[in-house]
Amino acid sequence: MNLRYIKNLIPAAALVVAGLSSCTGDLDVTPIDPSKTMVPDEAALYTKCYANLALQGQGGQGGDCDIDGLDGGTAGFVRQLFNSNELTTDEAICAWGDPGIPALNYNQYDASHPMLKGFYYRLYTGIAYCNHYLEVCAGMDATREAEVRFLRAMYYYHLMDAFGNVPFATKLMSTPPEQISRAELFKWIESELLEVKDQMLAPAARKDTDQGYGRADQDAANLLLARLYLNAEVYTGSARWADAKEYAEKVINGPHKLWTQGMNGWSAYQMLFMGDNGSNGASQEAILPLLQDGTKTTAWCTSLFLMASTWNLDMDIEANFGTSEAWAGNRARSQFVAKFFPNNDAPQVGIRDMAVAAGDDRALFFGIGHELMVNIPTEFTSGYAVGKFRNTYASGGSSHNSQFIDTDFFLMRSAEAYLIAAEADARLNGGTTSNAGTAYINALRERAHTTSANSYTVDQILDERSRELYFEGFRRTDLIRYGYYGGANSGKYLWEWKAGAQNGAAFSADLNLFALPDEDVNANPNLKQNPGY
């Protein structure tokens, strides 16, 4: 199935929601009577709506990207979710000089940024797949139709979060889409999720041998609603803390429980990010895993990127991290390491010794031969390395491939619900958690074998979100919600190389949104560029 967009026919990503009308001849179809009708391959089209999240295209490692004119890795969903939401923050910095990387490191992106354009294109590609499925496969499978509507809402959520007022269409069109305001898109996403969630699979803790593993169930909709409500004040101007807590608690009280059992010297937290995380038990926490297999999903843009970009071969002193790919690029800024070592005294030790020194299983840093401070942004050893993702098997088994990896990426996991419920609880309780909110944070800290407390402030919860969710694509959104990214309060929290200054500097609130790609704005007369670009 070839669903690539031909840029000379469809020049702008804002039109990809219309683009499939010119490519329907390329879709997988099964002829019944060529002179009369064609029947779409429902299973293939359904699968493609998910595959857009985890693969760059149809051809594996050497195949073309689904989006013409872009490199598969550059336009990969997880890769650009990381780049846009981690490199722009206090958590990560990259040593590479690839076009676009320094601009993200230094918060200096613009409307021609190649990686943000790739992220934008990838999200609209997913929407196009979903719109096509819903148009040609309507009525074939009610549960899968509800899932595809969920996926489309999730793609639009990421567009709303990153780009604000964006082109919007729920069907294939031959004319440029209209632009929708962020607040209007918020309402549509909320309505869509509330309408489809009860039609999705019943929530269940699944392993990779279970039917339905990798599919979004009702708790995926509940968690996305909780995330939506948590950020409602940013998106609409009106807070929805009670709703955020309500929907987060639906997840907490469901079957996707925190994974708390370590194995063979690996902590429960590490097992969430290992090569056998689909089978070692940790997947009970996974609400939406993106499936990876070293022989079947040879993609550069998902778990392999998260792993290879953060490792160098000299880090492999405790166990084989499971792939020959070690790209030595992304590592931690010192402000993030300080979440575990507030006195800036993190030792120069390996990953396991680092976690022991921090008294927290989540402190998966490698400090041997590395400087704590990022004095030279282009040098991988300037800043501590991060060994969170690996292809090692906690169960002791072997990976399927020496290069590509088996580690599923848990795009949504229930730990997020605990953090949402706690923050919403604190905001409803004058800025400090009640007993219920405190219990949610303590559950995460107890899983990490670190100390508990009797209450937590909203700023302490922000730090806890960083400790729990780092490098998973949340940080930029969190800092914006707290007012610490761009804008009037951005000078109150500085990190190394923020706004390009070694000790950090404030920057405009305009940069809280990324620019719409300039080629879209030029091609679609319905679009108005975001302020400041």
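The values are calculated or read from the model by the stated rules, or taken from the named source; none is laboratory data. Computed from a prediction, not measured in an experiment: that's the story for all the values here. Cβ sites come from the backbone with ideal geometry, for glycine too, and all protein chains shown count toward neighbours. The area values use the complete protein model at the heavy-atom level, side chains included, leaving out ligands, DNA and RNA. Shrake-Rupley method; radii C 1.70, N 1.55, O 1.52, S 1.80 Å.
Filtering Ala202, Ala242 for residues that are in contact (Cβ under 8 Å) with a residue 60 or more places away in the chain and either aliphatic (A, V, I, L, M) or farther than 23 Å from Ala422 by Cα (or both) leaves a single hit, Ala242.
Selection of region 163-187 for residues being of a type in the set (Asp, Glu) and outside any helix (DSSP H, G or I) yields only Glu178.
Please go through region 447-459 and give me each residue that is out of contact with any strand residue (DSSP E or B) (no Cβ under 9 Å at 6 or more places or on another chain) and under 25 Å from Gly430 (Cα atoms), ordered by number.
Thr451, Ser452, Ala453, Asn454, Asp459
Which residues, counting only those in region 447-471, are free of Cβ contacts under 8 Å to residues at least 24 places away in the same chain and more than 20 Å from Leu494 (Cβ to Cβ)? If the condition is that a residue be free of Cβ contacts under 8 Å to residues at least 24 places away in the same chain and more than 20 Å from Leu494 (Cβ to Cβ), then Ser452, Ala453, Asn454, Ser455 are the ones that fit.
Of all residues in region 410-427, those that are at pLDDT 95 or above have Cβ atoms under 6 Å from Cβ atoms of residues that are aromatic (Phe, Trp, Tyr) and surrounded by fewer than 24 Cβ atoms within 10 Å (Cβ to Cβ), 6 or more apart or on another chain, in Ala424/Trp241; Arg427/Trp241. Just checking, does region 347-365 include any residue being under 30 Å from Thr295 (Cα atoms) and open to solvent by 10 Å² or more (accessible area, probe 1.4 Å)? There is at least one residue in region 347-365 that is under 30 Å from Thr295 (Cα atoms) and open to solvent by 10 Å² or more (accessible area, probe 1.4 Å). Do we have Thr392 as out of contact with any Asp or Glu (no Cβ under 9 Å at 6 or more places or on another chain) and open to solvent by 10 Å² or more (accessible area, probe 1.4 Å) here? Considered against the rule, which asks whether it is out of contact with any Asp or Glu (no Cβ under 9 Å at 6 or more places or on another chain) and open to solvent by 10 Å² or more (accessible area, probe 1.4 Å), Thr392 comes out as no. Has region 445-461 got any residue that is open to solvent by less than 10 Å² (accessible area, probe 1.4 Å) and outside any helix (DSSP H, G or I)? The answer is yes, given that some residue of region 445-461 is open to solvent by less than 10 Å² (accessible area, probe 1.4 Å) and outside any helix (DSSP H, G or I). Checked against the criteria, Gln218 counts as of a type in the set (S, T, N, Q), open to solvent by 10 Å² or more (accessible area, probe 1.4 Å), over 21 Å from Ile480 (Cβ atoms) and in contact with a strand residue (DSSP E or B) (Cβ under 9 Å, 6 or more places away or on another chain).
Scan the helices (runs of 4 or more DSSP H) fully inside region 224-315 and keep the ones with 1 or more residues being among the acidic types (Asp, Glu) and surrounded by 20 or more Cβ atoms within 10 Å (Cβ to Cβ). Let's see the steps before the verdict.
Details: elements: 232-236, 241-252, 268-271, 303-308.
Helices (runs of 4 or more DSSP H) meeting the threshold: 241-252.
Residues that are open to solvent by less than 10 Å² (accessible area, probe 1.4 Å) and not hydroxyl-bearing (Ser, Thr, Tyr) within region 133-159 comprise Cys137, Ala146, Glu147, Val148, Phe150, Leu151, Ala153, Met154, Leu159, listed in sequence order. When region 193-202 is filtered for residues that are touching a strand residue (DSSP E or B) at 6+ places or on another chain (Cβ under 8 Å) and surrounded by fewer than 21 Cβ atoms within 10 Å (Cβ to Cβ), the ones remaining, listed by number, are Leu201, Ala202.
The sole residue among Glu195, Glu190 that is outside any strand (DSSP E or B) and under 21 Å from Asn165 (Cβ atoms) is Glu190. Looking across region 151-199, the residues that are in contact (Cβ under 8 Å) with a residue 60 or more places away in the chain, of a type in the set (A, V, I, L, M) and farther than 22 Å from Ser84 by Cβ come down to Ala169, Leu172, Met173.
Per-residue answers, yes or no, for (1) assigned to a loop (DSSP other than H, G, I, E, B); (2) free of Cβ contacts under 8 Å to residues at least 60 places away in the same chain; (3) open to solvent by less than 50 Å² (accessible area, probe 1.4 Å):
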{"position": "Gly486", "(1), (2), (3)": "yes, no, yes"}
{"position": "Ala499", "(1), (2), (3)": "no, no, yes"}
{"position": "Gln502", "(1), (2), (3)": "yes, no, no"}
{"position": "Phe507", "(1), (2), (3)": "yes, no, yes"}
{"position": "Leu511", "(1), (2), (3)": "no, no, yes"}
{"position": "Leu516", "(1), (2), (3)": "yes, no, yes"}
{"position": "Val521", "(1), (2), (3)": "no, no, yes"}
{"position": "Leu527", "(1), (2), (3)": "yes, no, yes"}
{"position": "Gly532", "(1), (2), (3)": "yes, yes, no"}
